[in-house]
1. What's the percent breakdown of Cα-Cα distances in region 24-79 across 10 Å bins, shortest bin first?
2. Show me the ranking of peptides 62-72, 39-49 by mean Cβ neighbours inside 10 Å, starting with the highest.
């Protein structure tokens, strides 16, 4: 999957979405690494954070207390050119 600088996180069927729907969040690479040694990506607010491997594996990172990171998340690269 490479080391793209921008990804779209795809949350499959969140509770508030239409049945069968999905919600997306655009995230950009930060200068930090996650517990697995892969880059951390964050949305513009810094609230949504995810470690994304070069194989496209996603690990959501809690950015504050009382968060329950989503477990059903896919990732797709975003072309910035």
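Since every read-out is calculated from the coordinates, none of them should be taken as a lab result. Please read these numbers as outputs of a predicted model, since none were measured by experiment. Methodologically, a virtual Cβ is constructed for each residue, glycine included, from the backbone with ideal geometry; neighbour enumeration extends over all protein chains shown.
1. 24, 62, 14, 0
2. Averaged packing, sorted descending, gives the order 39-49, 62-72.
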